[in-house]
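S.K.: I'd like to ask you about the structure that follows.
The values are calculated or read from the model by the stated rules, or taken from the named source; none is laboratory data. Here the structure is a predicted model, which is why all the values come from computation and not from measurement. Virtual Cβ from ideal backbone geometry, glycine too; neighbours counted across all protein chains shown.
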Amino acid sequence: MPSARKLGKPTDQRRAMLRQQVTDFLDKGRMETTITRAKEIRPIAEKMITLGKKNTLATRRAALAFITREDVVTKIFAELAPKYESRPGGYCRITRIGPRRGDAAEMAVIELVEANFTAKTTTAPITAAPVKKAAVEEVVEAVEVAEESEEIVAEELEAIEAMVEEAEAEQEEAAE
């Protein structure tokens, strides 16, 4: 249980509170609490679901060592773990709901996400983006200008080659 937040409690009280909150969260699937507590609950709850996906005696005992009720452990191994079998993590979602009335503590809802998960494929079909008419006309104009400049360059190149040939001929005559 790597915890950076002390939550205003000594270690034993904090650990007991988190055990109880994780147990209640996994039992009900949704919980309203403060943002800092929700951020502490999420990695622990996700670890418990991951233990349920392995489904061995050792993982069941590890879950029972943290979760306070045996029926919740049974629910994890029988219902939640098979539900998230194809999902590679990220079983919980934290949504901010605003300040609590009274002490203005930032509140959040932590809930289990839906199980219908499909892995993203890397070979997604590429759809052509709609092309604007003005953009097409600009491209056509650019191609026409490029063709004209190619013709001009070709003419200039021929003229230069002719001048080079004349200069070479003059040098040969001067050398003889």
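S.K.: Name the residues in the stretch 1-35 that are surrounded by 12 or more Cβ atoms within 10 Å (Cβ to Cβ), of a type in the set (S, T, Y) and either over 11 Å from T68 (Cα atoms) or modelled with pLDDT under 95 (or both), would you?
M.R.: Across the stretch 1-35, the qualifying residues are S3, T33, T34.
S.K.: A further question on this structure: Out of all the residues in the stretch 105-145, which are in contact with a helix residue (DSSP H, G or I) (Cβ under 6 Å, 6 or more places away or on another chain) and modelled with pLDDT under 85?
M.R.: The initial filter retains those residues of the stretch 105-145 that are in contact with a helix residue (DSSP H, G or I) (Cβ under 6 Å, 6 or more places away or on another chain), namely 106, 108, 110, 115.
Selection gives A115 alone.
S.K.: Out of curiosity, is P82 within 23 Å of E106 (Cβ to Cβ) and part of a helix (DSSP H, G or I)? Even if it seems obvious, please write down each step before you answer.
M.R.: Working: within 23 Å of E106 (Cβ to Cβ): no; part of a helix (DSSP H, G or I): yes.
Considered against the rule, which asks whether it is within 23 Å of E106 (Cβ to Cβ) and part of a helix (DSSP H, G or I), P82 comes out as no.
S.K.: Look through the stretch 84-108, keep the residues that are over 17 Å from the mean Cα position of the chain (by Cα) and at positive phi, and return whichever of them is surrounded by the fewest Cβ atoms within 10 Å (Cβ to Cβ).
M.R.: Restricting to residues being over 17 Å from the mean Cα position of the chain (by Cα) and at positive phi, the top hit is G102.
S.K.: With farther than 24 Å from L7 by Cβ, among the acidic types (D, E) and free of Cβ contacts under 8 Å to residues at least 40 places away in the same chain as the only criterion, which of E40, E79 stands out?
M.R.: Result: E79 is the single residue among E40, E79 that is farther than 24 Å from L7 by Cβ, among the acidic types (D, E) and free of Cβ contacts under 8 Å to residues at least 40 places away in the same chain.
S.K.: Sticking with this structure for a sec: Among the residues of the stretch 55-70, what is the count of those that are touching a residue at least 24 places away in the same chain (Cβ under 8 Å) and either among the aromatic types (F, W, Y) or loosely packed, with under 13 Cβ neighbours inside 10 Å (or both)? It would help to see each step written out before you state the result.
M.R.: Restricting attention to the stretch 55-70, the residues satisfying the condition of being touching a residue at least 24 places away in the same chain (Cβ under 8 Å) are 55, 66-69.
When the remaining residues are screened for being either among the aromatic types (F, W, Y) or loosely packed, with under 13 Cβ neighbours inside 10 Å (or both), the result is 66.
So the count comes out to 1.
S.K.: Tell me which of these I41 doesn't satisfy, since it passes every other one: (1) surrounded by fewer than 14 Cβ atoms within 10 Å (Cβ to Cβ); (2) part of a helix (DSSP H, G or I); (3) not polar (S, T, N, Q).
M.R.: (1)
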